[in-house]
1. With respect to V152, is the statement that it is surrounded by 12 or more Cβ atoms within 10 Å (Cβ to Cβ), in contact with a Leu (Cβ under 9 Å, 6 or more places away or on another chain), more than 30 Å from R20 (Cα to Cα) and modelled with pLDDT under 90 true?
2. Looking at A82, A124, can you tell me which residue is assigned by TED's automatic domain parsing to the domain that holds I39, aliphatic (A, V, I, L, M) and on the phi < 0 side of the Ramachandran plot?
3. Report yes if K145 is at pLDDT below 90, within 30 Å of R20 (Cβ to Cβ) and part of a loop (DSSP other than H, G, I, E, B), otherwise no.
4. Has segment 46-56 got any residue that is surrounded by fewer than 13 Cβ atoms within 10 Å (Cβ to Cβ), among the basic types (K, R) and more than 30 Å from K145 (Cα to Cα)?
5. Within the set of pairs 6 or more residues apart or between chains, which connect a residue that is closer than 26 Å to P147 by Cα inside segment 166-184 to a residue that is acidic (D, E) with Cβ atoms less than 7 Å apart?
6. Does K103 satisfy the condition of being out of contact with any Leu (no Cβ under 7 Å at 6 or more places or on another chain), more than 19 Å from Q19 (Cβ to Cβ) and free of Cβ contacts under 8 Å to residues at least 12 places away in the same chain?
7. Of the residues that make up segment 152-162, is at least one within 30 Å of A117 (Cα to Cα) and among the small types (G, A, S)?
8. Can you list the helices (runs of 4 or more DSSP H) lying wholly within segment 12-74 that have 3 or more residues being at pLDDT 80 or above and of a type in the set (G, A, S)?
Amino acid sequence: MLFCMMGPLMLVVLGLKKQRAEILASAKKMLRKKQRDQILDDAHNKYMFDDDGLPKWFLDEEKRHCQPIKPVTKEEIVAMRAQFKEINARPAKKVAEAKARKKRIAMKKLDKVRQKADSISDQADISERLKRKQIEQLYKKATPKFPQKEYVVAKKGVQVKPGKGKVLVDRRMKKDTRARRTGK
């Protein structure tokens with residue numbers, strides 16, 4: 001219902017993607033009835049009508065000098081931008097929890113591996129070379145393995161969404177990279 005009452009001013013503002021802070025600041029003002037009525041009254045003015053048959057120089061000067069005053073101040077816009085930065089800076093709670101879980105699990109694994117490595121290094125009947133090899137194998141198993149990217153070749157009529165771990169490539173690109181590798 002709020003968008004129906006906004007009029008031409010807000011339709012112009014909504015069309016601009018980069019001025020998110022300005023949109024939100026003006027929407028915040030429109031929550032109060034008195035300010036909303038004031039904004040709507042200010043939206044109907046002499047700048048709304050297009051006159052035909054005016055000289056080009058006059059239209060250029062009108063465009064430059066006669067712009068309607070925006071209903072929000074620069075301070076309000078700066079405050080909204082700061083609020084956006086603050087929201088974007090903090091990670092989501094679930095993301096932070098997942099990262100902490102992964103870190104805790106990795107630390108437990110490393111502790112277990114460290115204990116096994118200590119027990120292997122304390123053994124006297126095994127040669128140093130064999131001890132080192134066994135310890136290297138333990139640490140190699142303990143390090144986390146990240147999945148490699150899967151390259152999906154695009155074909156006609158086959159819809160594949162490039163998601164997590166998938167990269168969409170076309171046949172021409174694959175052929176070009178192969179040709180560069182062989183040196184032909």
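The values are calculated or read from the model by the stated rules, or taken from the named source; none is laboratory data. Since we're looking at a predicted model, the values are computed, not measured. Neighbour counts run over all protein chains shown; Cβ positions are idealised from the backbone, glycine included.
1. yes
2. Details: A124 fails: assigned by TED's automatic domain parsing to the domain that holds I39.
None of the other options fit; the residue is A82.
3. Considered against the rule, which asks whether it is at pLDDT below 90, within 30 Å of R20 (Cβ to Cβ) and part of a loop (DSSP other than H, G, I, E, B), K145 comes out as no.
4. Scanning segment 46-56, I find at least one residue that is surrounded by fewer than 13 Cβ atoms within 10 Å (Cβ to Cβ), among the basic types (K, R) and more than 30 Å from K145 (Cα to Cα), so the answer is yes.
5. K166/E150
6. Details: out of contact with any Leu (no Cβ under 7 Å at 6 or more places or on another chain): yes; more than 19 Å from Q19 (Cβ to Cβ): yes; free of Cβ contacts under 8 Å to residues at least 12 places away in the same chain: yes.
Judged against the criteria, K103 is a match.
7. Applying the first criterion (within 30 Å of A117 (Cα to Cα)) to segment 152-162 yields none.
No, there is no match, as no residue in segment 152-162 is within 30 Å of A117 (Cα to Cα) and among the small types (G, A, S).
8. Here the list reads 20-29.
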